[in-house]
């Protein structure tokens with residue numbers, strides 16, 4: 001078995017939030033925890049946008065008509081989606097990713113690829129980075145994530161499903177080709193239902209079967225996709241992680257185990273959050289014009305308050321003073337569940353995308 005050329009080996013993490021929309025609703029509404037839950041639609045009309053893990057044994061899943069979902073699970077609870085909240089949480093999670101690498105390729109609000117061949121924390125293995133990211137997501141958002149780690153995006157995504165939910169799996173470089181040979185053909189990226197049917201008719205049922213075919217034979221049968229099939233079964237994928245945006249903000253926030261009752265308690269709780277925030281700003285060498293304070297009350301009502309400067313700032317004292325002033329000018333009116341601070345309106349510089357010496361410690 002010929003080894004995969006080193007030029008095609010990166011350290012890629014695929015992160016996928018577990019039942020993201022439903023988990024956010026269960027996090028914010030404790031009475032929904034442990035119950036079969038559908039986000040979107042209603043009992044009479046619409047479709048399910050997301051289903052909790054408690055609903056899935058009944059055959060309830062995304063894109064299922066709500067009426068069918070209700071027939072399958074009469075105890076199903078329907079809630080309306082709150083996409084503004086999901087986007088806020090997604091942004092919070094993406095900020096965690098960016099603490100480790102600028103090479104983040106979001107696929108949706110709840111899923112992304114990360115290239116950590118080089119990383120900002122100097123952590124030697126991708127497996128450890130993935131574990132750290134998942135733990136930070138749990139601590140900072142109250143949600144669970146699964147992760148897959150391997151040499152390219154396709155393999156990392158395959159790995160994610162192995163120990164989902166709330167787990168991770170690393171497919172080491174030397175295990176990639178044996179894994180691909182046993183993989184059912186319909187699991188290969190780019191092989192849809194019709195293509196899988198045609199492949200089975202040609203006697204191609206697994207990766208090992210696919211590997212027996214020459215490149216020109218696959219191109220003749222499947223057109224340009226044939227070249228992709230020829231390469232992917234050999235562990236070769238040309239597609240790199242493509243970051244789609246520059247960093248828009250640097251922030252830190254914390255949900256408290258017990259609500260903070262008044263201004264002095266909130267001020268004391270905000271100080272360590274500010275310290276974490278400033279450390280992140282310094283780590284990313286960020287400079288910005290706008291400081292925003294986020295306050296979430298015990299009843300989940302959220303308020304934000306901002307202050308902007310004419311020039312870009314990164315000085316710790318100025319940042320700390322701005323955040324504390326915002327809190328003092330807008331004292332909490334009821335118990336506080338969460339506090340956060342963000343620096344935005346950043347001075348934008350291109351993210352570094354050069355790759356150095358490859359380290360094969362997964």
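Angle check, please: helix 83-98 long axis (alpha carbons) against the longest principal axis of the chain (alpha carbons), in degrees 0 to 90, nearest 10. That helix lies at roughly 80 degrees to the long axis. Would you please classify the overall shape of the range 6-79 from the alpha carbon gyration tensor, given that a ≥ b ≥ c denote the square roots of the eigenvalues, rounded means a/c under 1.5, and beyond that prolate means a/b larger than b/c while oblate covers the rest? Verdict is prolate for the range 6-79. Relative contact order of the range 249-346: 48 percent, from C-alpha pairs under 8 Å at least 6 residues apart in sequence.
Using only Cα atoms and rounding to the nearest 10 degrees, what angle (0 to 90) does helix 126-141 make with the longest principal axis of the chain? Taking Cα atoms only, the helix is inclined about 40 degrees. Please work out the C-alpha center-to-center distance from the range 237-287 to the range 25-68 and express it in whole Å. The range 237-287 and the range 25-68 have Cα centres spaced 31 Å from each other. Taking 260, 157, 198 as the candidate residues, the one with maximal mean-square fluctuation in a Gaussian network model of the chain, Cα springs under 10 Å, is 198.
Segment residue 161..residue 108, full-extension length gain: 17.4 nm, with 0.36 nm per residue of separation and the alpha-carbon distance subtracted.
Fewest-first ordering of 321, 253 by other beta carbons within 10 Å of each residue's beta carbon gives 321, 253. Modelled this way, with points 7 Å down the Cα-to-C-beta line, the labels at residue 194 and residue 324 are 6.6 nm from one another. Per residue, the average separation of C-alpha pairs within less than 8 Å and at least 6 apart gives the range 68-147 a relative contact order of 21 percent.
The shape of the range 183-232 comes out rounded: with a ≥ b ≥ c from the C-alpha gyration tensor, a/c is under 1.5.
Dividing the mean sequence gap of close Cα pairs (under 8 Å, 6+ apart) by how many residues the chain holds gives a relative contact order of 16 percent.
For the pair the range 305-319 / the range 170-224, the C-alpha centres are spaced 54 Å from each other. Placing a pseudo-label 7 Å from each Cα along the Cα-to-Cβ vector at residue 256 and residue 91 gives an inter-label distance of 2.4 nm. Residue exposure proxy: 110, 16, 161, ordered by other Cβ atoms within 10 angstrom of their Cβ from fewest to most, comes out as 161, 16, 110.
For the chain, modelled as a Gaussian network with Cα springs under 10 Å, which listed residue fluctuates most, 204, 278, 133? The residue with the greatest mean-square fluctuation here is 204.
Here the range 301-339 is scanned for amide nitrogen atoms under 13 Å from the site 7 Å beyond the Cα of residue 290 along Cα-to-Cβ, giving 304-310.
Ordering 9, 162 by the number of other Cβ atoms within 10 Å of each residue's own Cβ, fewest first, gives 162, 9. So what's the angle, to the nearest 10 degrees on a 0 to 90 scale, between helix 263-283 and the longest Cα principal axis of the chain? Between the helix axis and the principal axis of the chain, the angle is about 50 degrees. DSSP beta bridges confined to the range 28-144 are antiparallel in about 70 percent of cases.
Return the FRET efficiency for the residue pair residue 240, residue 306: r is the Cβ-Cβ distance, R0 is 45 Å, and the value is rounded to the nearest 0.05. About 0.80, to the nearest 0.05. The Cα atoms of the range 249-346 give a gyration tensor whose axes a ≥ b ≥ c have a/c of 1.5 or more with a/b greater than b/c, which makes the shape prolate. Rounded to 0.05, the FRET efficiency of the residue 84 and residue 33 pair, given R0 = 25 Å and the Cβ-Cβ distance, is 0.70. Looking at the chain, the DSSP beta bridges with both ends there are about 90 percent antiparallel. Applying 0.36 nm per residue to the separation of residue 136 and residue 211 and subtracting their alpha-carbon distance, the gain on full extension is 23.0 nm.
Comparing mean-square fluctuations of 225, 62, 52 from a GNM of the chain with C-alpha springs under 10 Å, the top value falls on 225.
All of the numbers you see were taken from the coordinates with simple rules; none came from a lab. Owing to the predicted nature of the structure, the values given are computational and were not obtained by experimental measurement. Note that we place each Cβ from the backbone using ideal geometry, even for glycine, and neighbour counts take in every protein chain shown.
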